[in-house]
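The values are calculated or read from the model by the stated rules, or taken from the named source; none is laboratory data. Predicted model, so just to flag it, every value in this text is computed and none were measured. Neighbour counts run over all protein chains shown; Cβ positions are idealised from the backbone, glycine included. The protein model used for the area step is the full one, side chains on, heavy atoms only, and it has no ligands, DNA or RNA in it. Shrake-Rupley method; radii C 1.70, N 1.55, O 1.52, S 1.80 Å.
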Amino acid sequence: VSLPYACLFLVTVPDCRKERWRKWYVVTFFMSVIWIMGLSFAMLELCRRAGCVMNLPQAVMGQVIIAAGTSVPDALASISVARDGQGDMAVSNVIGSNVFNIFVGLGFPWMLCDLIRGPYASSALTEGLVASVIILFGYILLLLAVMLCSSWKLRPWVGYLLIALHLLYIIWVLLTA
């Protein structure tokens, strides 16, 4: 499955680990970002069509299916570095990847959609945005309070609490979509 992608990456992204391409690290970075943006656009378009075929609202596809698909690799990377004793890097990965996903992974495909199809107004933005933003800020405030109470140590019960809250959020999305 990954062979076509590996061949495309080999041809378009210089491998700056090799001596010949060491000075091309900037090109490697930007080509990687371009591939991430292009593949994000393709993923969004495929999910939009799959949701249409399965008769699922776009809000459900975006807030449940795509969110899970983009978060699992980040979670696995964070678990890997946390097991190596680098908890700060794990937390930084989660925060940094979400910022990147929002501004580049979501922003660029949306810009492409606007350029290709014209301005796009999403029902997910007009109908459920305020409630979702309030819930997100509630998550942040709760996490801050929990971290303050636990002396800034991540304990297993914090993870269980956050997973339970996210499951409640998914139920809320499914019931209100």
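Solvent-accessible surface of the chain, averaged per residue with a 1.4 angstrom probe and all protein chains in place: 73 square angstrom. Can you figure out the FRET efficiency of K23 with L175, using R₀ = 45 Å and their beta-carbon distance, to the nearest 0.05? After rounding to 0.05, the efficiency reads 0.25. Classify segment 1-156: rounded, prolate or oblate, from the alpha-carbon gyration tensor (a ≥ b ≥ c, eigenvalue square roots; a/c under 1.5 rounded; otherwise prolate if a/b is larger than b/c)? Oblate, since a/c reaches 1.5 and b/c is not below a/b. Here the dipole of the chain is about 380 debye; that uses its Cα centre as origin and unit charges on the Cβ of Lys and Arg (positive) and Asp and Glu (negative).
Of the Cα atoms belonging to segment 10-87, the radius of gyration and Dmax stand at 17.3, 51 Å. Once you sort the root eigenvalues of the Cα gyration tensor of segment 126-177 as a ≥ b ≥ c, which label holds: rounded (a/c under 1.5), prolate (a/b larger than b/c) or oblate (the other case)? It is oblate, given that a/c is not under 1.5 and a/b is not larger than b/c. Length available on full extension from M89 to C52: 0.36 nm per residue minus the Cα-Cα distance, which gives 9.5 nm.
For the chain, leaving out every one of the trypsin sites (Lys or Arg not before Pro) that falls in a DSSP loop and has at most 16 other Cβ atoms within 10 Å, the longest unbroken run is 19-152.
Working from Cα pairs under 8 Å separated by at least six residues, relative contact order for the chain is 20 percent. Apolar share of the accessible surface for segment 37-127: 69 percent from carbon plus sulfur atoms, 1.4 Å probe. Placing +1 on the Cβ of each Lys and Arg and -1 on the Cβ of each Asp and Glu in the chain, which of T176, W24, I116 has its Cα farthest towards the positive end of the resulting dipole? Highest projection toward the positive end goes to W24. Taking every DSSP helix (H) stretch of at least 4 residues in the chain, weighting each as -39,500 (n - 2.57) and dividing the sum by the residue count yields a mean residue ellipticity at 222 nm of -24000 deg cm²/dmol.
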